[in-house]
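Nothing in this text is a laboratory measurement; each read-out follows from the coordinates by a stated rule. Please read these numbers as outputs of a predicted model, since none were measured by experiment. Here the Cβ positions follow ideal geometry from the backbone for every residue, glycine too, while neighbour counts run over all protein chains shown.
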Amino acid sequence: MVQRRRLIVGNWKMHKTIPEARELVQELTDLLDAPAMASVTTVLAPPFTALSTVALAIQGRPYLLGAQTLHWEDQGAFTGEVSGVMLKDLGCRYVIVGHSERRRCFGETDVIVQKKMVAALRHGLRPILCIGETWDQRLSDHTERILSLQLSEALTDVGKEVGDVVIAYEPVWAIGSGRSATVAQVHEAHLHIRTQLVALLGQDTGAQVPILYGGSVTPDNIGELLPIHEVDGALVGSACLNPVLFAKILQIASASPESYQHPSFPA
Ligand code: 13P
């Protein structure tokens, strides 16, 4: 049986000034019991402007730093962009890639997403690759096709570090809607993603890649999401901005330290 550690990622999106970021980390820490947190990997992904503040605030605390996107080149004339080298420099360990908000609002295609995956891995950053269908795609029965396509395009030629990839299944319609996917929908999608990962990367690597669920995750639904087969953790949006809610999510995750593999995917 492959043991995959629980991974909970807070995506702050475009929220929090520097003093607010410092306060959020402090409030979260005050609410959490450090030994209990040892069983969960917790990643905070603030906006670029707060990365160095959060990097300082989490020193000696059980959190890792993540960014929300990166450029695929290391440096150059790319006004407004931030590279993997720069993120590494700030102490980032993870970076979100291909979030549906970036695909929708900033025109990120699967080709761009693939370049970002390569760049992240090249700099030793673990990319959290977001994939997910729109509501129309679900209604027209294209969910599995979309997931397979996004996955295979993003993982093309990413090289030998592919085992460091994290996948986040984020159905677009569940993001920020207050309407999480159902247990059955999450189960079906994660199983499909695991099958694709094993087909693309081989049994060993395909079984080791964590798959997170994201989309309206709260303390009220995390307890039913984590026990689903092939759900290794969560990518949390709005609830991570509230220290009480995020602390509850982390506490529930730390009380549920094992992820469950589907019987057909033994190690
Ligand atoms: P919400 O949790 O606000 O639905 O956002 C999910 C998300 O987009 C995380 O990346």
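Laid out as a table, the results:
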| item | result |
| --- | --- |
| Helical contribution to [θ] at 222 nm, DSSP H n ≥ 4, -39,500 (n - 2.57), averaged over the chain, rounded to 500 | -11500 deg cm²/dmol |
| Relative contact order, percent, segment 2-262 [alpha-carbon distance under 8 Å, six or more residues apart] | 23 |
| Lysine pairs meeting the criterion (Cα under 22 Å, 8 or more apart or interchain), as found in the chain | 11 |
| Segment 142-267: relative contact order as a whole-number percent, Cα under 8 Å and 6+ apart | 25 |
| Shape of the chain, Cα gyration tensor, a/c cut at 1.5 | rounded |
| Segment 74-163, Rg to Rh (Cα coordinates; Rh as Kirkwood inverse mean 1/r) | 1.01 |
| For segment 115-145 and segment 228-267, distance of Cα centres in Å | 19 |
| Charge dipole magnitude, Cβ of K and R +1, D and E -1 - the chain, Cα centre, debye nearest 20 | 300 |
| Top of C105, C240, C130 by mean-square fluctuation, Gaussian network on the chain, Cα under 10 Å | C105 |
